[in-house]
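In what follows, a single structure is set out as structure tokens and then discussed.
The values are calculated or read from the model by the stated rules, or taken from the named source; none is laboratory data. Everything quoted here is computed from the prediction, not taken from an experiment. Counting neighbours? That spans all protein chains shown, and the Cβs are built from the backbone with ideal geometry, glycine included.
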Amino acid sequence: MTKKLTIALDGPAASGKSTTAKLLAKKLDYIYIDTGAMYRAVALVVLESGMDLTDSAQSVKIAEQSEITLKLIEGNQHTFLNGEDVSDKIRTPQIDVAVSQIASNAHIRKIMVKLQQAMASEGGVVMDGRDIGTVILPDADLKVFMQASIEARAKRRLKDQANHNLTLEEIRKDIERRDHADMSRKESPLKQAADALLLDNSNMTIDQQVEKIIGWTKQL
Ligand code: DC
């Protein structure tokens, strides 16, 4: 395969998108772009500035003034906010809650769409998020919509979480809340693009998922 593809990976929270996307990008020698991290960085800067998250105009202003960049360091994507590596700071339960408000803001989404489309313009990318196949890369070479049962997703998050000590039930409730927020928002709600291939990975290993997607790329 000589042509560098654009691969869009969408799906709900904890559906395994980022782990799969990361490994897929590594195997194909592509760039991995985690768009959720960008919304998380905006939520962080708004929270740190002491602004009310529901103050849409102020949040947009702060987002416009912030520089959000993604860099690959030793094979892992790091998220930088105004020059600071905030990769760990954006993975807390507080940000999990705050980010839904940010992601439903139409103006902030507009800023993100521009940045994300520019990042993918050269091809050779695996981009994961909620609106990649529908809004960011409507002409992606391959679109995959990842799904998994709520039980499987909650168990995965429980295993992943670093030091936050949430129970399985708390994690499950948070995932359900985020699913609802992502799917019911007016702006770019989470949905499967008409031409996306569905990958239900409730009973699949990461390697099986990656192999499945690589198989699809070979059929293009
Ligand atoms: O994938 P994640 O959990 O890190 O995403 C964080 C939040 O950002 C989540 O609430 C959904 C939102 N998001 C979005 O609306 N659009 C994207 N392309 C990526 C994430």
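Of the candidates Thr35, Thr19, the single residue that is β-branched (Val, Ile, Thr) and either crowded, with 22+ Cβ neighbours inside 10 Å or away from the ligand (no atom under 16 Å from the Cβ) (or both) is Thr35. Figure legend. Inter-residue proximity from the range 175-187: first residues over 19 Å from Gln94 (Cβ atoms), second residues part of a helix (DSSP H, G or I) and near the ligand (Cβ under 8 Å from one of its atoms), beta-carbon distance below 7 Å, spacing 6+ or different chains. Indicated pairs: Glu187/Arg109.
Residues in the range 126-156 that are crowded, with 20+ Cβ neighbours inside 10 Å and basic (Lys, Arg) were compared, and the one that is nearest to the ligand (Cβ to nearest atom) is Arg130. Being basic (Lys, Arg) and in contact with a helix residue (DSSP H, G or I) (Cβ under 7 Å, 6 or more places away or on another chain) holds for only one residue in Lys61, Lys3, Lys89, and it is Lys89. Of the residues that sit in the range 56-77 and are surrounded by 16 or more Cβ atoms within 10 Å (Cβ to Cβ) and out of contact with any strand residue (DSSP E or B) (no Cβ under 9 Å at 6 or more places or on another chain), which one is nearest to Met38 (Cα to Cα)? Checked the range 56-77; the qualifying residue nearest to Met38 (Cα to Cα) is Ala63.
Report yes if Ile171 is surrounded by 19 or more Cβ atoms within 10 Å (Cβ to Cβ), at pLDDT below 95 and either more than 12 Å from the ligand (Cβ to nearest atom) or within 17 Å of the chain's Cα centre (by Cα) (or both), otherwise no. Here the answer is yes, as Ile171 does meet what is asked.
Taking the range 81-104 as the range and being in contact (Cβ under 8 Å) with a residue 40 or more places away in the chain, away from the ligand (no atom under 12 Å from the Cβ), in contact with a Lys or Arg (Cβ under 9 Å, 6 or more places away or on another chain) and not in a loop (DSSP other than H, G, I, E, B) as the test, only Leu81 passes.
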